[in-house]
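First the structure, in the form of structure tokens, and then the observations on it.
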Amino acid sequence: MTMTTATTSDTDGQSGTSDQRHPSATAWLLDTESFHAEFAALWANCDHDVRSGLLSQLTDVSLHPELERVGRGDTTDLRTRASQLWASTDPVVTDHVARLEVSTPEDWATGFDEAHLGHWFRLCMAGHLEAIAGVDDPDALRAGLPDLGWSAVETRRVLFGREMGELAVRLDHQGYGQAVNLSLGHGHKGWLDHDDVTTARQRLMDLDRARFRTAQHLVPACEQLWNVLDVAGSNPQRVLVLPGAV
């Protein structure tokens, strides 16, 4: 399966970024309402002609039934939308898509694979993102936050976020959510909800400032992380999407 490379150069004109920032120094706010509305409509079109009970009669199903159901449906609309975003020239879309490890339109043309639905979910998300300034050196935070008193779990959560499959389930647990979650599996991290953002921001506020006397190099990165969390916290109706593990 062909995969995109998760590298990109900075794009002029992108909200919250500049050509002097590190390529990873972008985060995004996701409009979950508009994203869910679009993906739910695409999902409805891809499985409308599948008859209930059909899969229960199958004795040799290579895919999970929820994914098999999609594969047997008409995925044209989903594939078309994903292909449009793949070819988009919008700087926010192209920057985000360039970081994703997903299959390509050429892969989709050869037939349905269980991973495709999750990849389409991730690609369709790109059309509902607003870019904000991120952190120049997330690796410094990954190594340094534990020295400031953060646990390993707290550090991973704030830098890499939750599993994307969990977001799909939260958006539509009775519809596409479970199928997307199964398709993505584990390892597709990258989002925080408002409670996560609020908790992490409070954690930064509660840091013992004396710890920075021997960790001056972490001050810029911590300030940038604070700014990311502050912007996200000011937009409670949005989900924060992170670049660390897209």
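When you look at Ala115, is it crowded, with 18+ Cβ neighbours inside 10 Å, of a type in the set (Gly, Ala, Ser) and either touching a helix residue (DSSP H, G or I) at 6+ places or on another chain (Cβ under 6 Å) or more than 22 Å from Pro236 (Cα to Cα) (or both), yes or no? Here the answer is no, as Ala115 does not meet what is asked.
Going by the conditions given, is Thr76 surrounded by fewer than 21 Cβ atoms within 10 Å (Cβ to Cβ) and either on the phi > 0 side of the Ramachandran plot or out of contact with any Leu (no Cβ under 8 Å at 6 or more places or on another chain) (or both)?
On the way: surrounded by fewer than 21 Cβ atoms within 10 Å (Cβ to Cβ): yes; either on the phi > 0 side of the Ramachandran plot or out of contact with any Leu (no Cβ under 8 Å at 6 or more places or on another chain) (or both): yes.
Spelling it out, Thr76 is indeed surrounded by fewer than 21 Cβ atoms within 10 Å (Cβ to Cβ) and either on the phi > 0 side of the Ramachandran plot or out of contact with any Leu (no Cβ under 8 Å at 6 or more places or on another chain) (or both).
Asn235 fulfils the conditions (1) touching a Leu at 6+ places or on another chain (Cβ under 6 Å); (2) closer than 29 Å to His116 by Cβ; (3) surrounded by fewer than 19 Cβ atoms within 10 Å (Cβ to Cβ); (4) not basic (Lys, Arg) except for a single criterion, (2).
Can Arg213 be described as surrounded by fewer than 17 Cβ atoms within 10 Å (Cβ to Cβ) and out of contact with any strand residue (DSSP E or B) (no Cβ under 9 Å at 6 or more places or on another chain)? In short, yes. Taken as a whole, the condition of being within 30 Å of Glu223 (Cα to Cα), among the hydroxyl-bearing types (Ser, Thr, Tyr) and either modelled with pLDDT of 55 or more or touching a helix residue (DSSP H, G or I) at 6+ places or on another chain (Cβ under 7 Å) (or both) does not apply to Thr75. Would you check if Asp195 is surrounded by fewer than 23 Cβ atoms within 10 Å (Cβ to Cβ) and in contact with a Ser or Thr (Cβ under 9 Å, 6 or more places away or on another chain)? Criteria not met by Asp195. Tell me, please, whether a residue that is among the polar types (S, T, N, Q), modelled with pLDDT under 90, surrounded by fewer than 17 Cβ atoms within 10 Å (Cβ to Cβ) and more than 19 Å from the chain's Cα centre (by Cα) can be found in the range 165-181. Yes, there is a match, as at least one residue in the range 165-181 is among the polar types (S, T, N, Q), modelled with pLDDT under 90, surrounded by fewer than 17 Cβ atoms within 10 Å (Cβ to Cβ) and more than 19 Å from the chain's Cα centre (by Cα). Give Trp108, Trp120 a once-over and let me know the one that is free of Cβ contacts under 8 Å to residues at least 40 places away in the same chain, part of a helix (DSSP H, G or I), out of contact with any strand residue (DSSP E or B) (no Cβ under 7 Å at 6 or more places or on another chain) and crowded, with 17+ Cβ neighbours inside 10 Å. Answer to the check: Trp108. For Ser88, the conditions (1) crowded, with 16+ Cβ neighbours inside 10 Å; (2) at pLDDT below 55 all hold with the exception of (2).
The values are calculated or read from the model by the stated rules, or taken from the named source; none is laboratory data. Computed from a prediction, not measured in an experiment: that's the story for all the values here. Cβ: placed from backbone, ideal geometry, glycine included. Neighbour counts: every protein chain shown.
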